[in-house]
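Structure first, commentary second.
The values are calculated or read from the model by the stated rules, or taken from the named source; none is laboratory data. Please read these numbers as outputs of a predicted model, since none were measured by experiment. As a convention, Cβ positions derive from the backbone with ideal geometry for all residues, glycine included, and neighbour counts pool all protein chains shown. Please note that ligands, DNA and RNA were not included when accessible areas were found on the heavy atoms of the full protein model with its side chains. Shrake-Rupley method; radii C 1.70, N 1.55, O 1.52, S 1.80 Å.
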Amino acid sequence: MANRVPFIAGNWKMNLDHQQAIALVQKLAWTLNEAGHDYQGAEVAVFPPFTDLRTVQTLIDAEKFELALGAQDLSKHDSGAYTGEISGAFLAKLDVKYVLIGHSERRSYHNEDDAVVQAKTAAAFRHGLVPVICVGETLEELEAEGASAVPVRQTLAALAGHDNLGEFVIAYEPVWAIGTGKVATPEEAANVCGKIREAIAQQYGDELAGKTRILYGGSVKANNVAGFLKSVEVDGVLVGGASLDADEFSGIARFQKHIAL
Ligand code: PEP
């Protein structure tokens with residue numbers, strides 16, 4: 001691990017209504033702290049559906065849980081006649097700190113291309129949110145172009161054209177590894193994360209590249225997380241399915257324990 005705060009992010013996707021969200025966050029707060037704060041040093045965040053955000057925010061606030069709040073998407077617009085969309089301004093009002101942008105499920109089911117991802121990244125910056133920009137190649141792209149070409153291209157496209165780059169996080173998620181149980185090897189993940197960092201350094205300089213957190217995502221579980229986070233190139237993990245289970249997600253957040261062994 002490098003000198004960057006490790007980031008453990010749980011993407012709930014379209015799971016859990018607001019009552020189920022309360023139960024999970026309460027259990028999570030308990031299990032995260034259970035083993036004497038040994039996840040300290042890492043930042044842990046949950047990304048619930050929009051309808052849960054207010055409930056989860058209130059709970060975090062009232063109970064003083066050390067849990068950051070993220071949203072799964074935002075509109076590229078700030079307000080107006082965009083039925084069904086959610087403004088970054090509304091998210092910021094709920095103490096949402098992070099927002100996922102360009103998750104492969106948005107790219108494929110909602111046709112979000114690099115231009116949309118770039119515009120949503122700009123919207124996140126406008127509202128003081130930290131975009132977690134998801135990048136990754138499909139199996140076909142992996143076979144045609146190798147592992148790093150698409151994620152590097154998607155990263156640079158999302159970062160291009162902003163007057164000022166605010167804080168951002170990149171999540172490298174090979175599409176073939178999301179929700180499939182197929183996991184990239186720690187070496188594959190570290191290699192692509194390293195290439196993404198190199199590309200950021202070339203375009204924007206070593207300082208920005210050195211402080212940017214780059215995560216791996218794709219079928220991460222408590223029993224494989226340590227392999228990824230041993231690498232200096234991987235600063236955390238974006239977790240889907242396993243983030244819905246408090247014990248499993250807490251096990252992931254306590255990755256330091258496994259690394260120390
Ligand atoms: C994700 O949705 O970002 C993800 C990585 O999912 P899973 O952990 O279930 O593969």
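Rolling a 1.4 Å sphere over the protein heavy atoms, what is the accessible area per residue of region 7-260, to the nearest Å²?
44
Where in region 138-152 does the amide nitrogen come within less than 17 Å of the point 7 Å from the Cα of T185, taken along Cα to Cβ? Answer for region 138-152: 143, 146-148.
Between A81 and E63, what is 0.36 nm times their sequence separation minus the Cα-Cα distance? Round to one decimal in nm. The partial results should precede the final answer.
Details: separation 18, 0.36 × 18 = 6.48 nm, distance 3.66 nm.
Additional length available on full extension: 2.8 nm.
Let's see if you can work this out: charge +1 on each Lys and Arg Cβ, -1 on each Asp and Glu Cβ, no other charges. What is the dipole magnitude of the chain about its Cα centre, in debye to the nearest 20?
Charge dipole of the chain: 380 debye, to the nearest 20.
By a straight-distance test (C-alpha under 16 Å), which aspartates and glutamates pair with K120 as possible cross-link partners, with residues fewer than eight away in the same chain excluded? Here the aspartates and glutamates satisfying the reach criterion relative to K120 are D73, D78, E85, E105, E112, D163, E167.
A simple charge model with +1 on the Cβ of Lys and Arg, -1 on the Cβ of Asp and Glu and nothing else charged puts the dipole of region 93-156 at about 580 debye relative to its Cα centre. What base-10 log of the normalised intensity I(q)/I(0) is obtained for region 73-136 from the Debye formula, alpha carbons as equal point scatterers, at q = 0.18, 0.20 Å⁻¹? Log-scaled intensity ratios, in q order: -0.58, -0.71. Take the Kirkwood radius over Cα pairs of the chain, plug it into Stokes-Einstein at 37 °C and 0.692 mPa s, and you get 180 µm²/s for translational diffusion. A DSSP coil position with no more than 15 other Cβ atoms inside 10 Å describes the following trypsin sites (Lys or Arg not before Pro) in region 180-245: K182, K230. Counting only protein chain heavy atoms and rolling a 1.4 Å probe, the accessible areas of E233, E66 rank, largest first, as E66, E233.
For the chain, which whole-number percentage of the solvent-accessible area (1.4 Å probe, protein heavy atoms only) is attributable to carbon and sulfur atoms?
Values: 6010 of 11620 Å².
The nonpolar share, carbon plus sulfur, comes to 52 percent.
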